[in-house]
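So the structure is just underneath, and the comments pick up after that.
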Amino acid sequence: MIYYKTPEEIEFIRESSLLVAKTLAEVSKLIRPGVTTLALDKCAEEFILDHHAKPAFKGYHGFPNSLCISVNAEVVHGIPSNRALIDGDIVSVDCGVLKNGFYGDSAYTFTVGEVKDEILKLLQITKESLLLGIAKALPGNRLGDVSHAIQEHAEKNGFSVVREMVGHGIGRNLHEKPEVPNYGKRGSGIILKEGLVIAIEPMINFGKKNIRQGKDGWTITTIDGLPSAHFEHTIAIGNEKSDVLSTFAYIEEVLQVS
Ligand code: MG
Ligand code: MG
């Protein structure tokens with residue numbers, strides 16, 4: 001079943017989502033060639049604990065760390081390690097926190113040093129597809145309108161949409177109904193109503209859409225070995241529009257982009 005949230009509950013989810021946004025901004029300060037993904041994880045975990053919250057992913061179905069960090073051909077669910085980032089990498093950092101009994105969830109794909117223009121385009125289009133999906137997340141629209149907007153923008157630009165991994169409802173649980181696919185038909189799916197809170201998270205591949213799970217039981221990678229990008233916001237459907245509860249503003253202040 002779908003849990004529709006009260007305005008009070010949405011404020012708790014906003015608080016958690018803003019803490020995620022600030023955590024990702026802290027992490028972004030460290031991203032450069034030579035830093036290990038484990039160092040990023042440690043930074044995030046300390047920042048979350050310092051803010052009287054819990055890292056949502058640590059221990060979730062046995063996941064070992066606080067962040068999911070996925071480099072280049074890794075799509076999502078990468079496990080932090082002693083791997084050092086190198087010039088030209090892209091790195092998806094996915095963060096969730098639990099505070100006051102409610103979760104927030106957001107992800108951003110960062111560049112490391114100089115990244116090729118064609119890969120920068122993948123990041124830009126993935127972020128735009130998230131924003132176009134959010135623009136369709138209006139009360140009275142259907143979930144498929146959101147999914148379709150994401151897919152259309154990604155594919156129009158020559159990229160492909162991961163099918164097996166999807167966005168989700170969020171609230172007292174990290175993953176709730178409904179599933180939020182990044183592909184679909186306009187006019188299909190449930191009608192969006194006030195109080196629905198969802199994490200929209202396009203995972204867009206540079207090459208083919210196919211993915212596989214790694215031997216570690218977690219890391220999802222592209223089968224063709226080409227890079228993948230991932231951006232995620234937690235949003236609430238209001239009575240007239242959608243309310244983005246997470247933000248990239250803190251991150252982009254650090255990165256000096258807009
Ligand atoms: Mg996430
Ligand atoms: Mg998520």
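The values are calculated or read from the model by the stated rules, or taken from the named source; none is laboratory data. No experiment lies behind these values; they were computed from the predicted model shown. We place every Cβ from the backbone using ideal geometry, glycine too, and count neighbours over all the protein chains shown. The accessibility values were calculated without ligands, DNA or RNA, using every heavy atom of the protein model including side chains. Shrake-Rupley method; radii C 1.70, N 1.55, O 1.52, S 1.80 Å.
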**Prompt:** How big is the gap, in Å, between the Cα center of the stretch 208-233 and the Cα center of the stretch 80-141?
**Reply:** 14 Å
**Item:** 20 Å Cα-Cα threshold exceeded, pairs from Lys121/Lys156; Lys29/Lys209; Lys156/Lys193; Lys58/Lys193; Lys136/Lys185
**Value:** Lys29/Lys209; Lys156/Lys193; Lys58/Lys193
**Message:** Is there a quick way to get the dipole size of the chain? I mean about its Cα centre, with the Cβ of Lys and Arg at +1 and of Asp and Glu at -1; what is the value in debye to the nearest 20?
**Reply:** 580 debye
**Asked** Using a basic spin-label model with each label point 7 Å from the Cα along Cα→Cβ, how many nm lie between Glu252 and Glu164?
**Response** 3.3 nm
**Prompt:** Given the Cα-Cα distance of Leu30 and Lys208 and 0.36 nm per residue of separation, how much length would full extension add, in nm?
**Reply:** 61.0 nm
**Message:** If DNA, RNA and ligands are ignored and the probe is 1.4 Å, what is the ranking of Glu114, Glu26, Glu8 by accessible area, most exposed first?
**Reply:** Glu114, Glu8, Glu26
**Item:** Portion, in percent, of the accessible area of the chain that falls on carbon or sulfur, probe 1.4 Å
**Value:** 52 percent
**Prompt:** Once you put a point 7 Å from the Cα of Glu152 and another 7 Å from the Cα of Glu240, both along the Cβ direction, what distance in nm separates them?
**Reply:** 2.4 nm
**Request:** Pull up all non-local amide H partners of Ser188: gap of 5 or more, or a different chain, and H-to-H distance under 5 Å with H placed in the peptide plane.
**Result:** Gly144, Asp145
**Message:** Classify the stretch 7-255 from the C-alpha gyration tensor, please: rounded if a/c falls under 1.5, else prolate or oblate depending on whether a/b exceeds b/c.
**Reply:** oblate
**Asked** Span-like helices, the chain: DSSP H, alpha-carbon axial extent 30 Å or more, mean Kyte-Doolittle -0.5 or greater, which ones?
**Response** 7-28
**Message:** Charges on Cβ only, +1 for Lys and Arg, -1 for Asp and Glu, centred on the Cα centroid of the stretch 104-240; of Val115, Ile170, Ile211, which one is farthest towards the dipole's positive end?
**Reply:** Ile211
**Fill in**
Rounded to whole Å², per residue accessible area for the chain with a 1.4 Å probe reads 44 Å²
**Complete:** In nanometres, the difference between 0.36 nm per residue of separation and the alpha-carbon distance of Met1 and Glu128 is 42.7 nm
**Asked** Straight-line reach from Lys22: which lysines have a Cα under 17 Å away, not including same-chain ones fewer than 8 places off?
**Response** Lys42, Lys54, Lys99
